[in-house]
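Enquirer: After the structure tokens below, expect a handful of questions from me.
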Amino acid sequence: MAAVFLVFALDTPNTHSLKLTWLSVVALITAFRFIDWLYWLIKLRRTKYQALGARNRVVLGVISLSLMWCIYSVVFYESMDLTELALTFAMLCTLSSGANSALSGHKKTAILYTVLLLTPASCMALFSGVTVHVFIGCLGILYNISITFSAARAADLTEEAVKLRNENKHILEKMHQEIAQNDAVHEELSQAYSQVTASKENLEKEVERRTDEIRMLSSLDPLTQLYNREAFIHQLSITAAKSIKSGHSVALLFIDLNGFKKVNDTLGHKVGDAVLVEVAGRIGAFANDYQAGRWGGDEFLMVLPYADHETAISVANALLARISQPLDVMSNQLCVSATIGIAMLPEHTSSETELIQLADFAMFEQKKLHLSEPRMFTQDLFENLKQIENLRNGLQEAISRKQLYLCYQPIVKCKTKEPWSFEALLRWNFNGNLVGPDTFIPLAEQTGLIHEIGAWVLNRACIDASQWQHSPNASVSVNVSITQLLDSDFIGILDKALNTSKLQPERLHLEITESMFADNKDKVKAKINAIKDRNVQVSIDDFGTGYSSLSQLQTLNFDTIKIDRSFVLNMHQGGEAIIRATLFIAKQFGCKTVAEGIETEQEALKLSEMGVDYLQGFLFSKPIINDELRRWVENIET
Ligand code: C2E
Ligand code: MG
Ligand code: MG
């Protein structure tokens, strides 16, 4: 605009064409700059362009233009009148002042631009010799100096501002980067957190599941998968509490298999286990939603909430029928039966453990009677139970209160009827009532008192026998229960009794009941050998009542077999055959024989004909106290 104004407004004919040429070059440079600007504006601005090339093009354009202005002021200076000179100077000053800020982005260009624009023209005016021109030249130089400083300062400030802006931008970018990083980290963290939360929830569920599993496993009997004792009692207490709260009663069924021991003994423990699993399955299926448990061995429990007597009995009957259906176990066709005792809560007791005891007791009583129907606990049974409890308590002090004493029953030689041995039979005078050994010996075994009582009997019998002047050669037979025999102190007790009494060991016979052998074969054998090492004699008591196999008996070192009283009693109904078989076996084993329970002369005669060595029974004598033995011996001698 300024160039057009100068060329056309202040036109002089002699410079016209030259000015036009100048203007053309200026226009060309301006066009170049305009195109370069457009190129920057459209193409480069938003891209990562080559700043150095772009700057060089700008510098080139600016310097070219300032050069053109320099040429203008120098070439046309002479042709200018004062007005044109003043206007030209004004124009150049304006241009340089405009460039001051416009070119502040590049200090050297800004200064060079100002210097090229003003310095040559000002110098020419200063040295023209025309006063006004000199004055204008001075002003031009002064203006040039000040505008140069100003341009330099503006360029510094701009540079500083750009630098700061870039720095800020850098900081901002860094900040943005850090924020982005923070965001990313935050994102990762929150992802990780949700993963951790999810896995924690999973873990908690897993722990809960495992805990349930462990609780379940620890509450189940491993073989039958029914509740074990603890878990059953726990479940029973919950059911009982609920039923009592709602005013209903609970029935407890105590189920015990019959003859299970025989299955175990004859078919082996594997089949025994399989039978238990099968029966447990039947009970479990029968119990349905109610709880069923295994009390131990072949004993099972079932609880029936909201049940009265009739319901309990009919459920128990149905259960008995189900249990006794044939079983197909490991290619064995078996039939097992059971006995069930029932007790009611709260009618019979309010305690869960006592409820089980009462049902067990009812079952036990029923089993004694060999009856197949279930047995409900009754008050009579309760009285019985109380009496047994009384006896159990009384038994503890029986020795110290001197309530126990021994009776002796002679065992006589078959031919001469002379006493061969006297069997010591224990008696208990419990506050004036005579309690039989069949009642209290099992109690003593249950409570463990049998060891103390047995030791007392053995000691007493040995002392008594050592003092029998009436029968110095007769033996004393002492009954030893299997629990006593298997006690680790038994041999010590035996030695002590022999030492204290000074009784010859051959005069001591220990009677061990046959039915007890099967379970503890090896231990019994070891104990019998230890007894025999001491020259003490061993008899099998109640022979024929147990289920010992002959091969089993053969390995045991016996001296005498005592034929059970029941065979003598039933001599005419098959007993005789059994007795003959027993005598045959005894002969094979090299044992002597005693027949128990002889009550009549005929029995005695018959048995001696059959070849029995010794006889024992009421026919010869009932069990009598030690003091009466002498009289009895003297009696038979006369
Ligand atoms: P056991 O050893 O078979 O004793 C024989 C039992 O038959 C005795 O009964 C005896 O009184 C009875 N008896 C003997 N002859 C006849 C008879 O002709 N007719 C009848 N009806 N009975 C006769 P008791 O004294 O009641 O003893 C029962 C069982 O108690 C004994 O059977 C024995 O197994 C056990 N017992 C007795 N005393 C002791 C003891 O001190 N320790 C141990 N562990 N058990 C004992
Ligand atoms: Mg006996
Ligand atoms: Mg006997």
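The values are calculated or read from the model by the stated rules, or taken from the named source; none is laboratory data. All of these numbers come straight from a predicted model, not from anything done at the bench. For neighbour counting, all protein chains shown are included, and Cβ atoms are generated from backbone atoms with ideal geometry for every residue, glycine included.
Enquirer: Condition first: in a strand (DSSP E or B), aliphatic (A, V, I, L, M) and touching a residue at least 40 places away in the same chain (Cβ under 8 Å). Now tell me which residues in the range 484-513 satisfy that.
Expert: Selection gives 508 alone.
Enquirer: Okay, next question. Any idea which of 578, 561, 585, 624 is within 13 Å of ligand 3 (Cβ to nearest atom) and either on the phi < 0 side of the Ramachandran plot or within 55 Å of the chain's Cα centre (by Cα) (or both)?
Expert: Unique residue meeting the criteria: 561.
Enquirer: Looking at the range 562-580, I want the residues that are in contact (Cβ under 8 Å) with a residue 12 or more places away in the chain and have a partner that is away from ligand 3 (no atom under 12 Å from the Cβ) with Cβ atoms under 6 Å, at least 6 apart or on another chain. Which pairs are those?
Expert: If the second residue must be away from ligand 3 (no atom under 12 Å from the Cβ), the pairs left are 563/579; 563/582; 567/575; 567/578; 567/579; 568/603.
Enquirer: Only residues that are closer than 10 Å to residue 612 by Cα and either more than 16 Å from ligand 1 (Cβ to nearest atom) or not hydroxyl-bearing (Ser, Thr, Tyr) (or both): list them for the range 587-600, please.
Expert: The answer is 592, 594, 595.
Enquirer: Can residue 159 be described as surrounded by fewer than 17 Cβ atoms within 10 Å (Cβ to Cβ), closer than 25 Å to residue 64 by Cα and at pLDDT below 85?
Expert: Here the answer is yes, as residue 159 does meet what is asked.
Enquirer: Name the residues in the range 210-232 that are part of a helix (DSSP H, G or I) and surrounded by fewer than 18 Cβ atoms within 10 Å (Cβ to Cβ), would you?
Expert: Selection gives 210, 211, 212, 213, 214, 215, 216, 217, 218, 219, 229, 230.
Enquirer: From 593, 545, which residue is at pLDDT 95 or above and within 16 Å of ligand 2 (Cβ to nearest atom)?
Expert: Only one candidate qualifies: 593.
Enquirer: Moving on to the next point. Which one of these does residue 600 not meet: (1) more than 14 Å from ligand 3 (Cβ to nearest atom); (2) in contact (Cβ under 8 Å) with a residue 24 or more places away in the chain?
Expert: Going through (1) more than 14 Å from ligand 3 (Cβ to nearest atom); (2) in contact (Cβ under 8 Å) with a residue 24 or more places away in the chain one by one, residue 600 breaks only (2).
Here is a yes/no grid of residues against (1) surrounded by 10 or more Cβ atoms within 10 Å (Cβ to Cβ); (2) in a helix (DSSP H, G or I); (3) of a type in the set (Lys, Arg):
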| site | (1), (2), (3) |
| --- | --- |
| 3 | yes, yes, no |
| 6 | yes, yes, no |
| 14 | no, yes, no |
| 18 | yes, yes, no |
| 21 | yes, yes, no |
| 26 | yes, yes, no |
| 32 | yes, yes, no |
| 38 | yes, yes, no |
| 43 | yes, yes, yes |
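Enquirer: Residue by residue through the range 358-390, note down the ones that are surrounded by fewer than 20 Cβ atoms within 10 Å (Cβ to Cβ), among the aliphatic types (A, V, I, L, M) and part of a helix (DSSP H, G or I).
Expert: Selection gives 369, 385, 388.
Enquirer: Any residue at all in the range 550-567 that's more than 13 Å from ligand 1 (Cβ to nearest atom), of a type in the set (Phe, Trp, Tyr) and either in the same structural domain as residue 619 (by TED's automatic domain parsing) or within 21 Å of residue 617 (Cβ to Cβ) (or both)?
Expert: Within the range 550-567, one or more residues are more than 13 Å from ligand 1 (Cβ to nearest atom), of a type in the set (Phe, Trp, Tyr) and either in the same structural domain as residue 619 (by TED's automatic domain parsing) or within 21 Å of residue 617 (Cβ to Cβ) (or both).
Enquirer: Ok, one more. From the residues in the range 603-621 that are among the hydrophobic types (A, V, I, L, M, F, W, C) and more than 19 Å from residue 545 (Cα to Cα), which one is farthest from ligand 3 (Cβ to nearest atom)?
Expert: Once the filter is applied, the top-ranked residue is 605.
Enquirer: Still on this model: What strands (runs of 3 or more DSSP E) lie completely within the range 254-357 and have 3 or more residues being more than 19 Å from residue 223 (Cβ to Cβ)?
Expert: It comes to 299-305, 337-345.
Enquirer: I've got another one for you. Kindly provide the set of residues from the range 353-377 that are in contact with a His (Cβ under 9 Å, 6 or more places away or on another chain) and of a type outside the set (A, V, I, L, M), ordered by number.
Expert: Selection gives 354, 377.
Enquirer: Now a separate question. Considering only the range 138-147, I want to know if a residue exists there that is touching a residue at least 40 places away in the same chain (Cβ under 8 Å) and among the polar types (S, T, N, Q).
Expert: yes
Enquirer: Then there's this: Could you please let me know if residue 251 is touching a helix residue (DSSP H, G or I) at 6+ places or on another chain (Cβ under 6 Å), assigned to a helix (DSSP H, G or I) and surrounded by 13 or more Cβ atoms within 10 Å (Cβ to Cβ)?
Expert: No, not satisfied.
Enquirer: Among the residues of the range 624-637 satisfying the criterion of being more than 18 Å from residue 604 (Cβ to Cβ) and touching a residue at least 12 places away in the same chain (Cβ under 8 Å), which is surrounded by the fewest Cβ atoms within 10 Å (Cβ to Cβ)?
Expert: 634
Enquirer: Which one is nearest to ligand 3 (Cβ to nearest atom) among residues in the range 514-541 that are buried (at least 20 other Cβ atoms within 10 Å of the Cβ) and not in a helix (DSSP H, G or I)?
Expert: 541
Enquirer: For the range 423-468, name all the residues that are among the aromatic types (Phe, Trp, Tyr) and either outside the structural domain of residue 540 (by TED's automatic domain parsing) or in a helix (DSSP H, G or I) (or both).
Expert: 440, 456
Enquirer: Evaluate the range 414-423: report whether one residue or more is closer than 26 Å to residue 630 by Cα, among the polar types (S, T, N, Q), crowded, with 23+ Cβ neighbours inside 10 Å and within 16 Å of ligand 3 (Cβ to nearest atom).
Expert: Yes, there is a match, as at least one residue in the range 414-423 is closer than 26 Å to residue 630 by Cα, among the polar types (S, T, N, Q), crowded, with 23+ Cβ neighbours inside 10 Å and within 16 Å of ligand 3 (Cβ to nearest atom).
Enquirer: Given the condition within 16 Å of ligand 2 (Cβ to nearest atom) and assigned to a strand (DSSP E or B), answer yes or no: does some residue in the range 567-587 qualify?
Expert: Within the range 567-587, none of the residues are within 16 Å of ligand 2 (Cβ to nearest atom) and assigned to a strand (DSSP E or B).
Enquirer: Something else about it: From the list 94, 88, 83, exactly one residue is touching a residue at least 24 places away in the same chain (Cβ under 8 Å) and either of a type in the set (D, E, K, R) or surrounded by 21 or more Cβ atoms within 10 Å (Cβ to Cβ) (or both). Which is it?
Expert: Unique residue meeting the criteria: 88.
Enquirer: Quick check on residue 620: is it of a type in the set (Phe, Trp, Tyr), surrounded by 18 or more Cβ atoms within 10 Å (Cβ to Cβ), within 16 Å of ligand 1 (Cβ to nearest atom) and farther than 30 Å from residue 503 by Cβ?
Expert: no
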